1. Could you run the Karplus curve 6.51 cos²θ - 1.76 cosθ + 1.60 with θ = phi - 60° over region 108-123 and give me ³J(HN,Hα) per residue in whole Hz, x for Gly and Pro?
2. How many Å² of accessible area per residue for the chain, probe 1.4 Å?
3. Can you pull the percent of Cα pairs in region 260-385 with separation above 20 Å?
4. Please compute the contact order of the chain in relative form: average sequence separation of alpha-carbon pairs under 8 Å and at least six residues apart, divided by the residue count, as a percent.
5. Please give me, ordered by residue number, the trypsin sites (Lys or Arg not before Pro) of region 335-418 that lie in loop per DSSP and have at most 14 other Cβ atoms within 10 Å.
6. How far is it, in nm, from the label point at residue 576 to the one at residue 45 when both lie 7 Å from their Cα along the line to the Cβ?
7. What lysines sit close enough to residue 70 to cross-link, taking a C-alpha to C-alpha distance under 29 Å and skipping anything fewer than 8 places away on the same chain?
8. Explain nothing, just the number: relative contact order of region 239-356, from Cα pairs under 8 Å at least 6 residues apart, as a whole percent.
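The values are calculated or read from the model by the stated rules, or taken from the named source; none is laboratory data. In this text the structure is predicted, and so the values were computed from the model without any measurement. For neighbour counting, all protein chains shown are included, and Cβ atoms are generated from backbone atoms with ideal geometry for every residue, glycine included. The accessibility values were calculated without ligands, DNA or RNA, using every heavy atom of the protein model including side chains. Shrake-Rupley method; radii C 1.70, N 1.55, O 1.52, S 1.80 Å.
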Amino acid sequence: MSAPVSIHASVAKVTERIVARSQPYRSAYLARLEHARRQDVQRGALSCTNLAHGFAAFPVNDKLRLKQDKSSSVAIVSSYNDMLSAHQPFERYPQIIKDAVHAAGGVAQFAGGTPAMCDGVTQGQPGMELSLFSRDAIAMATAIALSHNMFDAAVYLGICDKIVPGLLIGALHFGHLPAVFIPGGPMTSGMTNKEKVKIRQLYAEGKIGRAELLEAEAKSYHSAGTCTFYGTANSNQMLMEAMGLHLPGSAFITPNTPLRDALTAEAARQALKITDRGDKYLPVGHVVSEKSIVNAIVTLLATGGSTNHTLHLVAIAKAAGIVIDWNDFDALSAVVPLVTRIYPNGDADVNHFHAAGGTGFVIRELLDAGLMHEDVKTILGDSLRAHCAEPFLEGEAVVFKPAPAKSGDDSVLRTATEPFSADGGLRLLSGNLGRSVIKISAVKQQHWVVEAPAVVFHSQDEFMKAFRAGELDRDFIAVLSHQGPRANGMPELHALTPALGILQDAGRHVALVTDGRMSGASGKVPAAIHVTPEVLAGGPLGLVRTGDMIRLDAEKGILEALVPAAEWAQRQPLAIDLSANQVGMGRELFAMFRNTVSAAEEGATSFALPPALPTQEQAHHSEQPQKATI
């Protein structure tokens, strides 16, 4: 084995900054993790009545194993539903997991289910205003599943946008338990992404009807499995591999295949191996560390992943007592090369990416370039190098072989020394409109700087009405305000992409500035998103008026309203009626989230960092906890 590569100076600097910033919170988190572990592996803390309830419905042999307290118990937490194509395959997984764990001498229980909504179904609809908050609801549902205190480890079944972050946030609040994430895989390739975009634009221009559009969309999204573009769902899967929470190379194996099922069984067995009862205890609270969070950011940048992770990774880190911000993303983006071209940052889909070399190739390239930390814990042990591999089926056994030395298609996947671009394509913008992020990896360089008059909108419907009326056939920057988490749950605004794309293709200089989000599938139009503070938190975006000159400069990191300072200081935000965003489609149930949510740069979370431990609690940790009387 070759000696570890020296870490890149900028990556080391960002990591050191995160460690120092996080220290009081991370130390408190780890202390609580150790305290939870020492309360005894969990069933030992339960009374006889508690325990009897926990295994009452079990088969006799499994019940005996739990009674004797000699076997490990693995929780299954699933986001299965059969409306989401990506999650439908999970219907079969619990039995595969139970059988594998039972054969290995343990017991697996379906501990609980979580919600799982599809952003593709709710895009541009009122239901999208529940999407971001569903992440924290999923974390809460995960906590409820694990709160029975019956388990030695957990496996998590999830893929899509808010679901994997929610599951991981919930898992980290039970950080003393090992966690293995099990993906379902992408659907096979359908209509090409280039053709799909063309048809969407023809529909937006009124040149084809709904029937033609629906037929094209049905050819794109055609079977069980994840959507094949590189949006948030597939970015989730990439990051779970980079953080060592998947078995190597398992993200993009298609559903309902022998290898997919074998990987599911192998993941269940691995969870059993890393409990506190086994030889190698690897709790998720140790696997997710400052270094592994940096590894996740680096991989996101190197692959042109979803901007939603400028929220989700912040929230995941917070759940582990780690503090990151957009300065960290920006500093890493400056030194991390872009090594993939997957739609919307290219024409290929994730199946093409996997065939070209996949996740193991990317991780190896980044490790060899000194851009990722090798010395991290993963579900396989103490080095990320073990994840530079891809799985194969030999007979009925899964074997892992080194990732290919060369890319199978250098139009899709390249080495870190010969990348598509020298930086990661994510920039921090700041100025008198606040702080925001912009993804430029899919934006042509001639569109990186736009200076044009603002046209202010307060809803997507307002924008689309203006577009259909022909009022936007000019240079402009659409300022879409009151789209932040406090206002209406920070919906994705991907429905605007075809219209903006048409105007840009016609030679107009256009851009979007918003305190809302864009989809992980958005790309070619410059968009300054997640503007913080949002308008409802006093953000200056609410001061912009139609006709103000706006400068969006992704090269220099500038987002400014070019308004005289004296006039700017005198302005007051417009009073906007948001009552329609607070009722209907279940939105009234989510008022608690809107009222308590943190800023976008803080992850837009409903939970806080772990508080520092009080002195008496620290003292208590030095005492041996007592078991409950059975």
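1. Listing the rounded values in order: 10, 10, 6, 7, x, x, 10, x, 7, 9, 9, 5, x, 6, 8, 3 Hz.
2. For the chain, the solvent-accessible area averages 38 Å² per residue.
3. 54 percent
4. Value for the chain: 16 percent.
5. The qualifying sites are 406.
6. So the two model labels end up 4.5 nm from each other.
7. Leaving aside lysines fewer than 8 places away in the same chain, those within reach of residue 70 are 98, 273, 280, 377, 627.
8. 23 percent
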